[in-house]
Amino acid sequence: MLAVVTYHHQFKFDRLRTMDIKNKVIAVTGAARGLGFAMAKLLSEKGALIALIDLDIEATNNAVKELPNAKGYACNVAQEHEVVQTFLQIKEDFGHLDGLINNAGILKDGLMVKTNDDEVQKLPLAQWQAVIDVNLTGVFLCGREAAASMVEQGSGGVIINISSVSRAGNFGQTNYSAAKAGVAAMT
Ligand SMILES: NC(=O)c1ccc[n+]([C@@H]2O[C@H](COP(=O)([O-])OP(=O)(O)OC[C@H]3O[C@@H](n4cnc5c(N)ncnc54)[C@H](O)[C@@H]3O)[C@@H](O)[C@H]2O)c1
């Protein structure tokens, strides 16, 4: 069975503490720091083999040193060719893939429009697009490549997509809220 879950819905992270994940291969995006690294560390402590995927190669290399049986992959999750190549490399390095945590995400907050005296300032398209590219398209691309691997190997798998309470809308987060709502919907 291939299960795709989002962290605000069905999945209880406490279940990780009792799950047998020894020697399962789990890819975590945005794993060089923050929540991604914390999840990678917890999974590693439970015996999983971790593929850390991140844009920041120096931070990824430092993170890899802290986990046994982990490998790091420099990858921009918003770039299709990099994502395709990364998941092929993970399969070559580990032989298979059992799980993905789609965690990489960025913030570029700003009001869609705001007034400054008589002037109306608009949120630049680039500020919208950057967040959609990483937080929505990146989740799609990594989820697609992981799911394709899991279907091909025929042994099931789990994909966890990290959304946010902002998926219901948040002031100054037009881009982030729309992306996170999209993540919840696609999941
Ligand atoms: N921190 C919170 O309070 C919170 C709340 C709700 C949801 N989230 C979500 O959890 C996830 C992690 O948040 P965090 O606070 O740990 O973030 P963070 O900024 O600490 O770490 C994000 C990591 O993602 C990497 N990254 C950024 N763009 C990337 C790209 N294009 N390709 C590959 N890697 C990239 C960064 O290099 C960094 O290592 C995000 O999806 C975020 O939206 C966080």
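The values are calculated or read from the model by the stated rules, or taken from the named source; none is laboratory data. It should be emphasised that the depicted structure is a prediction, and the values quoted were computed from it without experimental measurement. FYI the Cβ positions are ideal-geometry reconstructions off the backbone, even for glycines, and counts take in every protein chain you see. Note: accessible area is taken over every heavy atom of the protein model, side chains too, but ligands, DNA and RNA are not part of it. Shrake-Rupley method; radii C 1.70, N 1.55, O 1.52, S 1.80 Å.
Suppose every Lys and Arg Cβ carries +1 and every Asp and Glu Cβ carries -1, with no other charges. What dipole size does the chain come out with about its Cα centre, to the nearest 20 debye?
Computed about the Cα centre, the dipole is about 640 debye.
What's the local net charge at Leu55, with K and R +1, D and E -1, over the other residues with C-beta under 14 Å away?
Here the charged neighbours net out to -4.
Considering Cα pairs under 8 angstrom that are at least six residues apart, work out the relative contact order of segment 7-154 and quote it in whole percent.
It comes to 22 percent, rounded to a whole number.
With runs of 4+ DSSP H residues as the only contributors, calculate the mean residue ellipticity of the chain at 222 nm using -39,500 (n - 2.57) per run, divided by the residue total and rounded to the nearest 500.
Here the helix-only value at 222 nm equals -12000 deg cm²/dmol.
Among the listed pairs Lys108/Lys180; Lys71/Lys91; Lys122/Lys180, which have their C-alpha atoms separated by more than 19 angstrom in this model?
Lys122/Lys180, as the Cα separations exceed 19 Å there.
Going by alpha carbons, how many degrees (0 to 90, nearest 10) lie between the helix axis of 80-94 and the longest principal axis of the chain?
With both axes taken from Cα atoms, the answer is about 20 degrees.
Report the residue, chosen from Leu42, Leu97, Leu52, that carries the largest GNM mean-square fluctuation when the chain is represented by alpha-carbon nodes joined by springs under 10 Å.
Per the Cα network of the chain with a 10 Å cutoff, Leu42 tops the list.
Could you look at the chain and say what percent of its accessible area is carbon and sulfur, using a 1.4 Å probe and all protein chains?
That share works out to 54 percent.
Using a 1.4 Å probe, how large is the accessible area of Glu45, given in Å² and rounded to the nearest 10?
Solvent-accessible area, nearest 10 Å²: 130 Å².
Tally Lys and Arg at +1 and Asp and Glu at -1 over the other residues with C-beta under 15 Å from the C-beta of Leu111: what net charge comes out?
Local net charge: +1.
So how far apart, in nm, are the two label points at Asp20 and Leu111 if each is 7 Å from Cα heading toward Cβ?
Modelled inter-label distance: 5.7 nm.
Can you give the translational diffusion coefficient of segment 115-187 in µm²/s, computed by Stokes-Einstein from the Kirkwood radius over Cα pairs at 25 °C and 0.890 mPa s?
175 µm²/s
For segment 31-187, what is the Kirkwood hydrodynamic radius in Å, using each pair of distinct C-alpha atoms?
By the Kirkwood definition, the hydrodynamic radius is 16.6 Å.
Run the simple label-point estimate for Gln79 and Gln129 please: 7 Å along Cα→C-beta, distance reported in nm.
Roughly 1.6 nm, to one decimal.
I'd like to compare 163-176, 137-150: which one has the highest average count of other Cβ atoms within 10 Å, and what's the full order after that?
137-150, 163-176
Ignoring ligands, DNA and RNA, what accessible area per residue does the chain give at 1.4 Å, in Å²?
Solvent-accessible surface per residue comes out at 52 Å².
Can you list residues from other chains, or at least 5 along the same chain, whose modelled amide H is less than 5 Å from the amide H of Gly157?
Under 5 Å from the amide H of Gly157: Leu2, Ala3.
Have a look at the DSSP beta bridges in the chain and tell me what percent are antiparallel, nearest 5.
Rounded to the nearest five, the antiparallel share is 15 percent.
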